Amino acid sequence: MSNFKQTQGYRIIQSWMEEKGHEPFSFQSQTWERYHNNFSGMVVAPTGFGKTFSVFLGVVIDYLNHPNKYKKGLKLIWISPLRSLAKDLAKAMNDVVAEIGLDWAVEVRNGDTPTKDRRRQERLMPDVLLTTPETLHLLFSQKKNSRWFKNVNCIAVDEWHELLGSKRGVLTEIAIARIRNLLPKLRIWGISATIGNLEEAKDVLIPYDVKTTMIRAKEKKKIKITSLLPDQVEELSWAGHLGKQMSSKIIPIIYENTTTLIFTNTRNQSELWYQIIIDEEPDLIGQIAIHHGSIDKVQRNWIEEAISQGLLKAVVCTSSLDLGVDFKPVDCVIQIGSAKGITRFMQRAGRSGHSPFETSKMYAVPTHSLQLIEVAAVKEAVKQNEIEARQPYVLTYDILVQFLVTLAVGEGFKPKETYEFIKQVHAFHFLTKEEFDWCIHFITQGGNTLKSYEEFHKVVLYDDGLYRVKSRRIAMNHRMNIGVIVSEVMLFVKFFSGGYIGMIEEYFISKLKKGDAFVLGGKVVEIQQIKDMTVLVKRSKKKKAITPSWLGGRLPLTSGLTHFLRLKLSDALTPNNREKELKFLHPLLKRQEENSHIPRHDEFLIEMIETKEGFHLFAYPFEGRLVHEIMASLIAYRISQIKKLTFTIAMNDYGFELLSDQEIPLTEENMNAIFSKENLIKDVTTSINASEMASRKFRDIAVVAGLVIQTQPGKRKTNKSLQSSSGLIFRVLNDYEPSNLLLKQAYNEVFDYELEKVRLQAAFQRISNSKIILKKARNFTPLSFPLKVDSLRGTMSNENLSKRIERIQKQALK
Amino acid sequence: MMQNISIISKTIPCNDEVLELTNQRVIYWKTQKSLILSDLHIGKSAHFQKSGIPIPKNVLTTDLKRLKQLIQHFNAENLIIVGDLFHAGYNSDLDEFKDWLTQFSNLKIQLIKGNHDRFSNAICEQFQIEVFKKDYFLNCLKFVHDFKEPSNDFFTISGHTHPGVFIKGKGRQRIKLPCFQVTKNQLILPAFSLFTGLNTRSAPKNCKNYCFTDDGIFEL
């Protein structure tokens, strides 16, 4: 250490910090030294403690010490998951560089960067480039792109925990491998918040044979969680996700604090809550804003700026503000509804009281009564410091296919060399040569049957041994499609008189007519015209306006949280004195106990109810929506082996429902066999094949692998003759090419995506150790009611289609 | 994959004519010995392939095999195609179609041009197809691609929309199926090709839906 502290670079940074009255945190100086000693690694620190400056200043110090080792051009690539993060980070880095008198250029490059700046960067890259995984892949698709990377010293990945566990993580892993293939000496650094599997996170980021280290900050963030309760338990509904009746409790909190962030889970919720608050307290107009991913970026930038300057009392937002740089004035956070996970809950809480050693204040607002149990569970988890793991994706053939075409569009690639560096990527450790060859085959000849694809020439093998894309049109389509974020078809919303408001799903707008009013970004507007993927609107005075719903964005509860949820429910009837949420809920819980049962930790509850709608079976594993979906179709499949049946399936985070028009033959005699852990994997595989789950997974895969071409908002709808739905292609491939690897991936992702498989097996293990309680209820219970009204639905049937239609027609005649 | 199809039909009266709707996406018009169909989209799979999207070509082969069985089953002498016979420009799928045609020496094809049929008339001559730019009239029936306005004197038969319907039943069942949409004075055909989507959002006023499965046809 002492040697390092003598270096000129260290002393410059140290005295610069001193001038500002700061002292480096120990995790910062530790990072600098390890970087100095040629390590790669991962820094784990809570937000607000200057984790950016750990890695960034490490590179600066190294440069100051060895300026000759660095050549002109790109030295540091900084990958961050959010575009909005990059802008503020670049500003912070530029300030440092200017203050210590370094002649470095720090620039941002992402989807928002103007063409003129991008062309300039392509002529001369800045010293530090802040970018996203997608933009990096776009760079790979350019001619002679290697020249930009030849002097890179370090790739840093910010908020790695956020990328890990999504397909964007795999994009990042591949991007690093591609650059490392050019520069074996590249140093790789990750920055992460605390998650349950840090070692694994580091190995996924740096799977190479290099010196690595993990640096953990000792500093901890203090969090204070308070739940807001209505005056009477009856005021809270049994189901729902708005919680409007809580608005009067929220207003005083907004006034008590400088700036409050109000987190909602969906864009639809945030629009509604913005209206609710303004209706409740009109004085707040002008001091409250709304921020979510579908709001125009100019306006979003303005809002972020206004928060920083303390101009706003409150901002209603979604996960769009989960991450980001310090908003100094924010001293309070309100979470409406469930945060769905412990990490997310803590991350959001951490947005308040951002500077070190300040306490984060979080108010939890339930939108229905059962959510109070969830709040109690989160509090317990935070107390015990239990944090979820993030599972990395593996064997994502769709991304591999996309990346190979990206290389072919760019400089071209040699299969042998590419296979070798792809194999090193964590996601593709278990990629076989046959599978890799299949991917090559897929992009050169289309599929397995040579004869079938005579006109397919996407990627062509040239005489020099390189695979390239010949057609300009194919190259262009591919560039537009790079990335793994698959969204619904979106349309821009723009005032007739000029000025963008945001984006909206085509699905929503197609149901509206000219003159209909809807709400976006807190504004009521009226449709004037729809042209070239843009909706032209004018302000509306109409009282009745529709709030759009955006599909997607519904997250399941994490397993970490569900564990605590089961524990809390188990002793819900006898809460200790400090659990005011459970005490408050007592009347409701009593009702559940009287009409049915409250499952103790060693019990598993099934409720059967017959209503006008049909025959319902409710089961409550408390494992999160994804696992319930698989369980539901499995149980439906097993029951339908007793008697041919058709089920509609619903699930939420607490349990699932099977609904049938005919009596469900589940009894105390066979229930243990139906919920048995025997033959689990075999039965799950069969039931997945019989359900629509794989088809839904295929939606994203088809887009990523280039089977479905996405239309960009604001662009003219071109390629009309190439439009098709992923559902259609799924069906066609299932019929004609069942061995297609992308299909296999879709089936795998339903359940082989490790997390779910492990959770599922653990769940059945738990059920087999539990006492199954089968209750016949006369009416919907507090537990079953939310499932009945608020849920996603699917179907599972092993009956002949014509027979079903005949019965439906007969039942209608009755 | 489909081997032999079962052909189930249901007859409906249209003005003075009798039409036989089948579960195989065509209508048989007995008095004229004609099959009426729409939206074959020949060339769609090859068009996708040309643009770098690998779609198996067997899609077309299967469609044509089904059409052959229908022609033989009904002993049909004419095909009346109400548009979108071809999907895009000339490609190898069209060669396959040409080969397929040679097995029928006496089959007459009449095509009412659809929005996808943007080829030159020379191509049609190669296939010996009689082309109608806008509409075609026979007896009291009028054939167009996309139904625009009702006519009082004729019963109009069209395609274009790829109609589908949802059947809702007890226990929140929802089944989505292709269908024929029939009113007093018009009928919309389902798309013949299996490589097409379904549109459940457009339906004429007061229409009756005839949906079908592999082994049945149902009036809803």
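Each value in this text was obtained by applying a stated rule to the coordinates, not by laboratory testing. On a predicted model such as this, the values are computed, not experimentally measured, just so you know. No Cβ is skipped: glycine too gets one built from the backbone with ideal geometry, and neighbour counts run over all protein chains shown.
For peptide A:612-622, how many partner chain Cβ atoms fall within 10 Å of a residue's Cβ, on average?
Per-residue shielding by partner chains comes out at 1.
With the cut-off at 1.5 for a/c, could you classify the stretch A:569-664 from its C-alpha gyration tensor as rounded, prolate or oblate?
Since a/c reaches 1.5 and a/b is larger than b/c, the shape of the stretch A:569-664 is classed as prolate.
Take the cross-link list A:LYS494/B:LYS44; A:LYS531/B:LYS98; A:LYS51/A:LYS361; A:LYS167/A:LYS244; A:LYS221/A:LYS313; A:LYS494/B:LYS134 and give me the ones stretching past 28 Å between alpha-carbons.
A:LYS494/B:LYS44; A:LYS531/B:LYS98; A:LYS167/A:LYS244; A:LYS494/B:LYS134
Obtain the nm distance between the two label points defined at A:ILE278 and A:LYS143 by a simple spin-label model: each point lies 7 Å from its Cα along the Cα-to-C-beta direction.
5.1
Would you please put A:122-130, B:188-196 in order of how densely packed they are, using the mean number of other Cβ atoms within 10 angstrom per residue and starting with the highest?
Put in order of decreasing packing, that is B:188-196, A:122-130.
Greater than 24 Å separation of Cα atoms is the criterion. Which listed pairs, A:LYS211/A:LYS423; A:LYS810/B:LYS208; A:LYS458/B:LYS133, meet it?
Result: A:LYS458/B:LYS133 exceed 24 Å.
Please compute the length gained on full extension between B:ASP95 and B:ALA122, using 0.36 nm multiplied by the number of residues separating them and subtracting their Cα-Cα distance.
In short, 8.2 nm is gained.
Quick check: residue separation of A:ASN670 and A:ALA105 times 0.36 nm, minus the Cα distance between them. What number comes out in nm?
Result: 196.4 nm gained on full extension.
Mind checking which aspartates and glutamates have their C-alpha under 16 Å from A:LYS222, skipping anything on the same chain fewer than 8 residues away?
A:ASP331, A:GLU358, A:GLU380, A:GLU386
What pairs in B:LYS148/B:LYS168; A:LYS568/B:LYS168; A:LYS383/A:LYS775; A:LYS340/A:LYS543 have C-alpha atoms more than 32 Å from each other?
Violating the 32 Å Cα-Cα cut-off are A:LYS568/B:LYS168; A:LYS383/A:LYS775; A:LYS340/A:LYS543.
Among rounded, prolate and oblate, which fits the stretch B:9-219 when a ≥ b ≥ c are the square roots of the eigenvalues of its C-alpha gyration tensor, a/c under 1.5 means rounded, and a/b larger than b/c means prolate?
oblate
Excluding residues fewer than 8 places away in the same chain, name every one of the aspartates and glutamates whose C-alpha is closer than 17 Å to that of A:LYS150.
A:GLU122, A:ASP127, A:GLU411
Taking 41 Å as R0, compute the FRET efficiency from the Cβ-Cβ separation of B:GLU219 and A:LYS542 and round it to 0.05.
Efficiency, rounded to the nearest 0.05: 0.50.
Taking each residue in B:56-65, count the Cβ atoms of any other chain within 10 Å of its Cβ, then average. What number comes out?
Rounded to a whole number, the mean comes out at 4.
Rounded to whole Å, give me the distance from the Cα center of the stretch B:87-119 to that of the stretch B:19-76.
Between the Cα centre of the stretch B:87-119 and that of the stretch B:19-76, the gap is 11 Å.
Find out how many positive minus negative residues lie around A:SER797, taking Lys and Arg as positive, Asp and Glu as negative, among other residues whose Cβ is under 9 Å from that of A:SER797.
Result for the local shell: +1.
In whole Å, how far is the Cα centre of the stretch B:127-154 from that of the stretch A:517-534?
39
Please give the length that would be gained between A:ASP602 and A:GLU256 if that part of the chain were fully extended, namely 0.36 nm times their separation in residues minus their C-alpha to C-alpha distance (nm, one decimal).
Contour length minus Cα-Cα distance gives 120.2 nm.
For A:PHE357, what is the net charge nearby, where nearby means another residue's Cβ is under 13 Å from its Cβ and Lys, Arg count +1, Asp, Glu -1?
Neighbour charge sum, excluding A:PHE357 itself: +2.
Residues in the stretch A:673-711 near a label at A:LEU774, defined as backbone nitrogen under 15 Å from the 7 Å Cα→Cβ point?
A:673-676
Percent antiparallel among DSSP beta bridges with both residues in chain A, to the nearest 5?
Around 40 percent of the beta bridges assigned by DSSP in chain A are antiparallel ones.
Of A:TYR255, A:PRO230, A:ASN301, which is farthest on the positive side of the dipole of the stretch A:222-384, counting Cα position, with +1 on Lys and Arg Cβ, -1 on Asp and Glu Cβ, and the Cα centre as origin?
Positive-end residue among those listed: A:ASN301.
Specify the inter-centroid distance of the stretch A:775-814 and the stretch A:365-385, based on alpha-carbon positions, in whole Å.
The stretch A:775-814 and the stretch A:365-385 have Cα centres separated by 32 Å.
Within 14 Å, Cβ to Cβ, of A:ILE674, how many net charges do the neighbouring residues add up to if Lys/Arg are +1 and Asp/Glu are -1?
Local charge sum for A:ILE674: -1.
Over the stretch B:1-160, what is the relative contact order in whole percent, taking alpha-carbon pairs under 8 Å and six or more residues apart?
Reported relative contact order: 20 percent.
List the residues of the stretch A:187-231 whose backbone N lies under 15 Å from a point placed 7 Å from the Cα of A:PHE357 along the Cα-to-Cβ direction.
What the label zone holds, given the 15 Å backbone N cut-off, is A:218-222.
If you average the sequence gap of Cα pairs under 8 Å that are 6 or more apart and divide by the length of the stretch A:490-539, what percent do you get for the contact order?
Relative contact order of the stretch A:490-539: 39 percent.
By the gyration tensor of its Cα atoms, with a ≥ b ≥ c the square roots of the eigenvalues, what is the shape of the stretch A:591-639: rounded for a/c under 1.5, prolate for a/b over b/c, or oblate?
In terms of gyration-tensor shape, oblate.
Applying 1/(1 + (r/R0)^6) with R0 = 45 Å to the Cβ-Cβ distance of A:LYS590 and A:ARG216, what FRET efficiency is obtained, to the nearest 0.05?
0.50
Between B:SER6 and B:GLN103, what's the calculated FRET efficiency when r is the beta-carbon distance and R0 is 22 Å? Round to 0.05.
Efficiency, rounded to the nearest 0.05: 0.50.
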